[in-house]
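The values are calculated or read from the model by the stated rules, or taken from the named source; none is laboratory data. All of these numbers come straight from a predicted model, not from anything done at the bench. Methodologically, a virtual Cβ is constructed for each residue, glycine included, from the backbone with ideal geometry; neighbour enumeration extends over all protein chains shown.
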Amino acid sequence: MTQSAAVRAFEDAFARWVGLPHAFAFWKGRVALYAILRSLGVGVGDEVILPGYTCVMNVNPIKYVGATPIYADIEPLTYNVIPDLIEKAITPRTKAIIAQHTYGYPCEMDEILEIGRRRGLPVIEDCCLSLGSTYKGRLCGTMGVAAYWSFQWNKPFTMGLGGVACTADRELAGRIESLCAESLVRPSAKTAGMLALQRTIYRAFIYPRTTALATRLFRWLTRVGLVVGSSSTEEFSPTMPDGFFMGMSDSQAKAGLRQTRKIDRNISHRRRMRQLYEELLRERNCPVVDLPEYVDPVLVRYPVRVADKARAVAEAPGRLVELGTWFECPLHPIETPMEAYDYIVGMCPEAEKACREVVNLPMHVRAARRTARRSVEFVAGIGWPEEGGE
Ligand SMILES: *Cc1c(COP(=O)(O)O)cnc(C)c1O
């Protein structure tokens, strides 16, 4: 199909913001990854390396093209993949590396890009949780051969659902364009309309839906088929559902264009919130991540380790704390049949430990100083994990 004028306008605006010449908009972020993988020629029998601390929807496109995901463990401070472990995971079948900027913390890109160069492998940046983070002055998303963003409810900037792939590589852009012309399907008026209605309802009543209640409601509605969910039951299976390769609707594109105009405000709010969280957490003797001065992360939510995650999750709604639980398992969410996705428990011990300990705190545009104070008081009441222990 050919893109509508509204979708093109969003693609152009987003490309301009990122500073890359080519952007392609999709129904979801995972569809953008699928387009990138297909266009890089990743297929049956190939392997793709990514961190074992991700969401299953990110792994699905790898399975859909017939490739095998290979999981590399993360380092415990930024939750990002360890470059040496990427190198160790490379085999003759490896076809691509995914660098996921977890929570918005930039990956060690120079090391990862160097491995890619040395081994002749393309590096794809997963920017679904990182809007505006920089590494040595370079915007995340502009360093690899291609990058993708998600605009799903929990992401730094949202149209309910949505995704985009960007690249500076003309040849790759040409291949993505042909693939879209050939097989991208347009969302039906009903599907697009349902999403637009949901956006209105969520904004009015239960935004942000990361509260436990809203999440549960949302998952239930998804199960009974009442929403255009970000993850219907069939997407917990590694076979591609019909109509997966879907473009962005006009109403998503229009909402996206409005969001794009507010990106800079969104980013400066997140920068302020991170500083605030760090101050509040230091006051409570919570160890705060010491980052090298060449990274400037813009976080989606503030991750923090607690002594008793189950208790925190159970008590947060009663205390009106919007506690985020991801990632609950190496391939979030917990419903994922991990063996079907080639993950064997024990593969990534640091990631598994993070799943047991990490919760995340809100920093979206409606969260203010008061939200941060209440959230930090709450997690401090749960307590921090013991040094080196569980
Ligand atoms: C949300 C997310 C995705 C997938 O985005 P969708 O728009 O839901 O398909 C991929 N990677 C990461 C790290 C994410 O958080």
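Counting the residues of the range 106-144 that are among the hydroxyl-bearing types (Ser, Thr, Tyr), touching a helix residue (DSSP H, G or I) at 6+ places or on another chain (Cβ under 6 Å) and away from the ligand (no atom under 16 Å from the Cβ) gives 1. Pairing residues of the range 283-299 that are in the same structural domain as His101 (by TED's automatic domain parsing) with residues that are outside any loop (DSSP other than H, G, I, E, B) and buried (at least 17 other Cβ atoms within 10 Å of the Cβ), at Cβ distances under 6 Å and at least 6 apart in sequence or on separate chains, gives no pairs at all. For the range 56-63, the count of residues that are closer than 19 Å to Leu291 by Cα and either modelled with pLDDT of 95 or more or within 16 Å of the ligand (Cβ to nearest atom) (or both) is zero. Look at (1) surrounded by fewer than 24 Cβ atoms within 10 Å (Cβ to Cβ); (2) within 15 Å of the ligand (Cβ to nearest atom); (3) under 15 Å from Val81 (Cβ atoms) and you find that Lys155 fails only one, number (3). Out of curiosity, is Ala146 crowded, with 22+ Cβ neighbours inside 10 Å and under 13 Å from the mean Cα position of the chain (by Cα)? Considered against the rule, which asks whether it is crowded, with 22+ Cβ neighbours inside 10 Å and under 13 Å from the mean Cα position of the chain (by Cα), Ala146 comes out as no. Does at least one position in the range 165-180 carry a residue that is in the same structural domain as Gln100 (by TED's automatic domain parsing) and within 15 Å of the ligand (Cβ to nearest atom)? Yes, the range 165-180 contains a residue that is in the same structural domain as Gln100 (by TED's automatic domain parsing) and within 15 Å of the ligand (Cβ to nearest atom).
Scanning the range 309-333 for residues that are loosely packed, with under 14 Cβ neighbours inside 10 Å and either in contact with a helix residue (DSSP H, G or I) (Cβ under 6 Å, 6 or more places away or on another chain) or not hydrophobic (A, V, I, L, M, F, W, C) (or both) gives Arg311, Gly318, Arg319.
Looking at Arg271, Arg284, Arg319, just one residue is charged (D, E, K, R), more than 16 Å from the ligand (Cβ to nearest atom) and closer than 24 Å to Phe157 by Cα, and that residue is Arg271. The residues on offer are Val288, Val345, Val298, and the sole one that is surrounded by 18 or more Cβ atoms within 10 Å (Cβ to Cβ) and either in a loop (DSSP other than H, G, I, E, B) or at positive phi (or both) is Val298. Only residues that are farther than 22 Å from Glu279 by Cα and β-branched (Val, Ile, Thr) were counted across the range 292-324, and they come to 1. Taken over the range 268-293, the criterion of being more than 30 Å from Gly381 (Cβ to Cβ) and touching a Ser or Thr at 6+ places or on another chain (Cβ under 9 Å) is satisfied by no residue. The listed residues are Glu234, Glu278, and the only one of them that is among the acidic types (Asp, Glu) and farther than 29 Å from Glu108 by Cβ turns out to be Glu234.
Can you name the residue in the range 28-55 that is within 15 Å of the ligand (Cβ to nearest atom) and either in a loop (DSSP other than H, G, I, E, B) or small (Gly, Ala, Ser) (or both) and, of all such residues, is nearest to the chain's Cα centre (by Cα)? Reasoning before the result, please.
Residues of the range 28-55 within 15 Å of the ligand (Cβ to nearest atom): 28-37, 48-55.
From what's left, either in a loop (DSSP other than H, G, I, E, B) or small (Gly, Ala, Ser) (or both): 28-29, 32, 35, 52-53.
Values: Lys28: 11, Gly29: 8, Ala32: 12, Ala35: 16, Gly52: 13, Tyr53: 11 Å.
In this case the residue turns out to be Gly29.
Out of (1) within 13 Å of the ligand (Cβ to nearest atom); (2) surrounded by 24 or more Cβ atoms within 10 Å (Cβ to Cβ); (3) more than 14 Å from Ile176 (Cα to Cα), what's the single condition that is false for Ala25? Tallying (1) within 13 Å of the ligand (Cβ to nearest atom); (2) surrounded by 24 or more Cβ atoms within 10 Å (Cβ to Cβ); (3) more than 14 Å from Ile176 (Cα to Cα), Ala25 fails exactly one: (3).
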